[in-house]
1. So which of Thr15, Thr38, Thr55 is surrounded by fewer than 17 Cβ atoms within 10 Å (Cβ to Cβ) and not acidic (Asp, Glu)?
2. Quick one: Val111 ticks every box in (1) β-branched (Val, Ile, Thr); (2) closer than 29 Å to Asp198 by Cβ; (3) surrounded by fewer than 20 Cβ atoms within 10 Å (Cβ to Cβ) except a single one, so which number is it?
3. Name every residue in the range 134-163 that is among the small types (Gly, Ala, Ser) and free of Cβ contacts under 8 Å to residues at least 12 places away in the same chain, in order of residue number.
4. Filter the range 63-100 down to the residues that are of a type in the set (D, E, K, R) and in a helix (DSSP H, G or I), then identify the one that is nearest to the chain's Cα centre (by Cα).
5. Go through (1) buried (at least 16 other Cβ atoms within 10 Å of the Cβ); (2) touching a residue at least 60 places away in the same chain (Cβ under 8 Å); (3) more than 15 Å from Val111 (Cα to Cα) for Leu69 and report which single condition fails.
6. Give all pairs with beta carbons closer than 7 Å in which a residue from the range 188-212 that is closer than 29 Å to Val111 by Cβ and at pLDDT 55 or above meets a residue that is among the aromatic types (Phe, Trp, Tyr) and surrounded by 18 or more Cβ atoms within 10 Å (Cβ to Cβ); count only pairs at least 6 apart in sequence or on separate chains.
7. Could you tell me which of the residues Ser178, Ser201 is part of a helix (DSSP H, G or I) and within 19 Å of the chain's Cα centre (by Cα)?
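The values are calculated or read from the model by the stated rules, or taken from the named source; none is laboratory data. Since this is a predicted model, take the numbers as computed values, not measurements. Glycine also receives a Cβ, built like all others from the backbone with ideal geometry; neighbour counts cover every protein chain displayed.
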Amino acid sequence: MAGKPGARRRQADRTEESDRRLTAAAVRLLVQDGVRGTTLAKLGRQAGYSRSLATHRFGSKAGLLRHVLQRASQRWLALLQSNVGEKVGAEALCAAVDAHLDFLRTAPDEVRAMYLLWFTSIDPGSEYRANVARVHQAQREDICRWIQLGQERGNVPAQICAPRVAEQFCASMVGIVSQWLVNARMPLRQMHAQLKLDIRSRLTSDSRSVVRSSRIKSQAKHDDRRVHF
């Protein structure tokens, strides 16, 4: 009986390791072969396991895709919350922009896989579309709350419609990534910096606190059409 706790821990460690390897392999397959080319058989080989383990773990290809999307989305939302912390109003949204750029820089393949699944989810037959809708809704609700808290504290003009700004903000972030996916030479740092400037211009009550555009021009000198990570 004394050896059972240790055995359970070792089994838990093995399960965690296999889960990590299977998830990483799934991301690689999605980036290399797309949704159609990603299969449980390929996944088992890519991760160094059998197809039976992949089937046992995820049940089906749809289950695998839901898992990858859930893991990537959880990582993004955790990074977002960590960056924003207790900030509200324009500062919260700017911190979210910084988190977005950091996610693109540190986990580009995960971002590609996540957006591939997001974009594919518009297919009426997609089995993981509901998961995507929940992630997007959670993001909009967070952003709307940050804006409303800023309004309560007098940092954001009262006439601002928080839900509309949240929708436009999310659309801007998705738009940046969609352009980067088809053109890796997009000046990501400059685009994120411009988005922050626009946010402060729109949400800051005191116009004097808006960052001058000269800072964007200065930063652009370092972006000069190279790959921007």
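1. Thr15
2. Among (1) β-branched (Val, Ile, Thr); (2) closer than 29 Å to Asp198 by Cβ; (3) surrounded by fewer than 20 Cβ atoms within 10 Å (Cβ to Cβ), the lone unmet condition for Val111 is (3).
3. Answer for the range 134-163, where residues must be among the small types (Gly, Ala, Ser) and free of Cβ contacts under 8 Å to residues at least 12 places away in the same chain: just Ala158.
4. Top of the filtered list is Arg75.
5. (3)
6. Here the result reads Leu188/Trp180, each pair linking the range 188-212 to a residue that is among the aromatic types (Phe, Trp, Tyr) and surrounded by 18 or more Cβ atoms within 10 Å (Cβ to Cβ).
7. Ser178
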